Structures are given as C-alpha cells and as structure tokens.
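Working notes, beginning with the structure itself.
The values are calculated or read from the model by the stated rules, or taken from the named source; none is laboratory data. The model shown is predicted, which means the values in this text are computed figures rather than measured ones. A quick note on method: Cβ atoms are made from the backbone with ideal geometry, for glycine too, and the neighbour counts reach across all protein chains shown. We work out accessible area using only protein heavy atoms, side chains counted, and drop any ligands, DNA or RNA first. Shrake-Rupley method; radii C 1.70, N 1.55, O 1.52, S 1.80 Å.
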Amino acid sequence: MSNAEKERAWVEVDLAALEENYRAVREAAPPGTALIPMVKADAYGLGARRVVRALDPLGPWGYGVAAVEEGVDLRRAGVERPVVVFSPMAPQAVARAAAARLTASISDLASLERWAAEAGRVGQTLDFHVEIDTGMGRAGFTWSDAAQWSQTVARGQGSHLRWAGVYTHFLGADEADPEATRVQWERFEAALSHLSVPRESLVVHACNSAAAMRWPRYAGDAVRPGVFLYGGRIGGLESPALARPPRAVASVRARIVRVYDARPGSTLGYGATHRAERPERWATLAIGYGDGLPRALGNRGSALVGGARVAIVGRISMDMTVVDVTDVPSPRPGDIATLIGRDGGEEITVDEVAALAGTISYEILTGLGPRLPRVEVGDGIDG
Ligand SMILES: *Cc1c(COP(=O)(O)O)cnc(C)c1O
C-alpha cells in the first residue's frame, strides 16, 4: 500500500511520542509549572499546526514562536492561547504582530514604545514579556540595570499595554558543568528583586528543555521546552531524570529506486570517492542533501534497510544517496530505507546523525526540507 506522500521520501511524525515527551517535561517540573511549548521554525521542522493540535488538549499555557508570521499562522489555525514572539521584532513586523494579538518580547525601551504606540492605534490591550539578558547577549535588558529600566517599563504599562511576563534564556543548560546556568539564575533573581511591579503579577520563566529536565529549582512559573518534545536528547546527562531519553518523534524514510550490482572497480558518486573492491550491490535512495540529509554523511553515515544497518557509500548528491546493500537479502526498488528512525530492532537517532554531521539535533530537524511530506503515524514502519 502506498500513497502520494510516500512515493519518494518523507518524514513521519509520531504525535503519540510527542505527547509522551510533553508529559515527561511536565513530570520533571515542579507540580503546577506551566508549559510553553516552543513551536518556532515550524515546530523544529515537524509542522507547527499539527504539533499545536496534538498538544493543545494537554493544556499548555501558550506557545512560543520566533517570527511574527509563525504566530500569525497559529492564529489563522484558530489558536486562542497566548503566543509569544521570542525574538526582538523588527519595527516593520510590529503592526502584524499586534493585529494577531501576539505577545511581544521586549528587550529595550524603544521596542516598548513601538509596542505601546501600536496598541494605541489598534485600541486594544497588548501583552508583553520582558526579556532579561543574563549572558546570552543577543537580546534582553541588561540584568544588572534592572532598577533603572524596570521603572520605565512599569510606567509604560497603561490602558493599552499589559506587562505579563519576564524571562531569561540559558546559554549552556545542556552542558555538563552547571556553573554558567547557576550564575545566570542568580543574575535573573537579582534582576527580579529590583522589578518595580510585584513578581506575582508576572509569569516568570527561564528554562529550555535541558534546564526544565535538569533543574526543577529554576522552573519559575513556566518552562519553555523545544527540542526534547521533538525527540532531541538533552546534553549534560548526569542527572537521573535524564536516564529517560525522549521518544523519537521524527523518522526520515526514502524509497529505494534502483538496485545495482557493481563490479569490482566501479566508481560511485561525485569525485568517485567510493570504488567497489569486490562485487558489491548498491541501492540508490530517493533522498539527498536537497532534502536536508546532511552531505557530511557521505561515506560515514548509515541507513536501515530491511531492519539491518547499511553504510552510505560515496558522496551524497542533492537528490540521491547510495547505500551498500551487498549483505541485505533481495533489496528491491520500492523498498523503504530509514535515514532517521527505527526499523525492526535497529535505530538511527537524530542525535547520532547530528554528531556524525558535526552539528546538533536542532539543525538536522529544522533542516528537513519542504520536499519531504510530513506524514503523521503511530509506531513503526507502515507503508
Ligand atoms: C528555542 C527556545 C527555547 C527552547 O529551547 P530547547 O533547547 O529547544 O528546549 C526556549 N526558549 C527560547 C527563548 C527559545 O528561543
């Protein structure tokens, strides 16, 4: 059985696994902690609308995006919960953000003035969260100056603006050494103690996935998990909570489109970086770096075919990848190969692929291209 979405190569998205990962974050945080799932970059490549549809019944506080357009799209999809834009907004984006009732993240007084002016124009109350820079250096008010800026920010609240939250972002919550995170939390607390509004009136948050899983004491009122929801492991794994890895959510599959018996001496791919030393059987997969499969996996990575691990041989092309199936019994065009995910007892994790490619799971997931249809599934291979 087959359908148009599974003709060539595709990404399977396991929503049950996503929900289980969400529950794992909720259990790791102190009781009553709210969750703000980060669905930026199309929910790390897996589809923001479907992720929100799956998670909404679990009662998140709201959602986090990075681009105004991502928030606008959630509103179009009918999302009513708060949607926070977790990046400073270009002045050009402010009007659309306001029209969609998004929550702005405010990093400086000029942005606050623009948000206030827009709120006045549209004549309705707009929310904002204040970001406090405790070491990331890319956004946020400086933590040590809180006594100054917080007075101006508090005065900026009025009939049309509501200061709804305050947060910081950790620079190394996934590193083995917890020191940088501890220092940032202390700075955050110091800044909070100088705010000119009562802390109880604000949603206080700091934790990404790693911090949420590792340090319940930094949870504040809400945590902002991203990668763990989508099956990416947390670094700095010493704590027992992390003995529990996330369930895999994304699987990348591709059809075998050619099987070739290569004679000794046959060459493979650009640059002929692989040469058959003996009679070899090569299977061409209908997926390449143009789909987001890292080109760095050429001659290094693997795939699963018929439940067995096989080597990627030669360089990966834009649209095709070749694997050595010499030891696989009767591979045929139309058979499914797995580049990320499980097949039988074998699994290739997104973190394994990321490590081979010299990057992180986030970049692999968000790099999966639009040419790969996203298909919702239960467990395992079907199709
Ligand atoms: C992306 C992001 C997160 C989520 O980080 P993960 O490491 O994926 O859990 C949390 N907070 C902010 C502000 C972010 O931009």
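This table checks each residue for (1) polar (S, T, N, Q); (2) closer than 25 Å to Gly172 by Cβ; (3) touching a Lys or Arg at 6+ places or on another chain (Cβ under 8 Å); (4) within 16 Å of the ligand (Cβ to nearest atom).
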{"position": "Arg53", "(1), (2), (3), (4)": "no, no, no, no"}
{"position": "Arg96", "(1), (2), (3), (4)": "no, no, no, no"}
{"position": "Ala104", "(1), (2), (3), (4)": "no, no, no, yes"}
{"position": "Gly135", "(1), (2), (3), (4)": "no, yes, yes, yes"}
{"position": "Arg138", "(1), (2), (3), (4)": "no, yes, no, yes"}
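Conditions (1) of a type in the set (Phe, Trp, Tyr); (2) under 24 Å from Ala99 (Cα atoms); (3) assigned to a loop (DSSP other than H, G, I, E, B); (4) within 30 Å of the chain's Cα centre (by Cα), marked per residue:
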| position | (1), (2), (3), (4) |
| --- | --- |
| Asp127 | no, yes, no, yes |
| Ile132 | no, no, no, yes |
| Gly135 | no, no, yes, yes |
| Asp145 | no, no, no, no |
| Thr152 | no, no, no, no |
| Arg162 | no, yes, no, yes |
| Thr181 | no, no, no, yes |
| Gln184 | no, no, no, yes |
| Glu189 | no, no, no, yes |
Checking the structure you have, find out if any residue of the range 268-285 is within 16 Å of the ligand (Cβ to nearest atom) and open to solvent by 20 Å² or more (accessible area, probe 1.4 Å). no
The lone condition Arg258 fails out of (1) open to solvent by less than 10 Å² (accessible area, probe 1.4 Å); (2) more than 16 Å from the ligand (Cβ to nearest atom); (3) in contact (Cβ under 8 Å) with a residue 60 or more places away in the chain is (1)
Go through the range 193-212 and count every residue that is within 11 Å of the ligand (Cβ to nearest atom) and open to solvent by 10 Å² or more (accessible area, probe 1.4 Å). 1
If we scan the range 138-154, do we find a residue that is surrounded by 15 or more Cβ atoms within 10 Å (Cβ to Cβ) and closer than 21 Å to Pro225 by Cα? yes
Residues in the range 164-177 that are away from the ligand (no atom under 13 Å from the Cβ) and either under 21 Å from Gln148 (Cβ atoms) or open to solvent by less than 60 Å² (accessible area, probe 1.4 Å) (or both): how many? 1
Taking only pairs six or more apart or across chains, which ones have beta-carbon atoms under 7 Å, a first residue in the range 87-99 that is closer than 11 Å to Leu112 by Cα and buried (at least 19 other Cβ atoms within 10 Å of the Cβ), and a second residue that is at pLDDT 95 or above and β-branched (Val, Ile, Thr)? Met89/Val68
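Considering only residues that are small (Gly, Ala, Ser) and under 26 Å from Gly367 (Cα atoms), which ones fall in the range 268-296?
Within the range 268-296, Gly269, Gly271, Ala283, Ala286, Gly288, Gly290, Gly292, Ala296 qualify.
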Could you give me the residue pairs with C-beta distances under 6 Å whose first residue belongs to the range 48-69 and is over 22 Å from Ala104 (Cβ atoms), whose second residue is within 16 Å of the ligand (Cβ to nearest atom) wherever it lies, and which are 6+ apart or on separate chains? Val51/Val39; Val51/Ala43; Ala54/Leu18; Leu55/Tyr22; Leu55/Pro37; Leu58/Tyr22
For a quick check of your reading of the model, give me the residue pairs whose first member lies in the range 337-348 and is hydroxyl-bearing (Ser, Thr, Tyr), whose second is open to solvent by 60 Å² or more (accessible area, probe 1.4 Å) and assigned to a strand (DSSP E or B), with beta-carbon atoms closer than 7 Å and at least 6 apart or on different chains. none
Name the residue that is surrounded by the fewest Cβ atoms within 10 Å (Cβ to Cβ), counting only residues in the range 29-50 that are within 12 Å of the ligand (Cβ to nearest atom) and on the phi < 0 side of the Ramachandran plot. Lys40
Report yes if Pro373 is more than 17 Å from Arg247 (Cβ to Cβ), open to solvent by 30 Å² or more (accessible area, probe 1.4 Å) and without any contact (Cβ under 8 Å) to a residue 24 or more places away in the chain, otherwise no. no
Which listed residue, of Thr321, Thr338, is in contact with a strand residue (DSSP E or B) (Cβ under 9 Å, 6 or more places away or on another chain), open to solvent by less than 40 Å² (accessible area, probe 1.4 Å) and closer than 18 Å to Glu280 by Cα: Thr321
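Tell me, which strands (runs of 3 or more DSSP E) wholly within the range 18-124 include 1 or more residues that are among the polar types (S, T, N, Q) and under 22 Å from Tyr167 (Cβ atoms)?
103-106
Got a number for residues in the range 51-75 being within 20 Å of Met89 (Cα to Cα) and loosely packed, with under 15 Cβ neighbours inside 10 Å?
Residues meeting the conditions: 2.
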Return yes or no: is Trp115 open to solvent by 10 Å² or more (accessible area, probe 1.4 Å) and of a type in the set (Phe, Trp, Tyr)? no
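When the residues of the range 213-235 are filtered to those that are away from the ligand (no atom under 12 Å from the Cβ), out of contact with any helix residue (DSSP H, G or I) (no Cβ under 6 Å at 6 or more places or on another chain) and part of a helix (DSSP H, G or I), which remaining residue is least open to solvent (accessible area, probe 1.4 Å)?
Pro216
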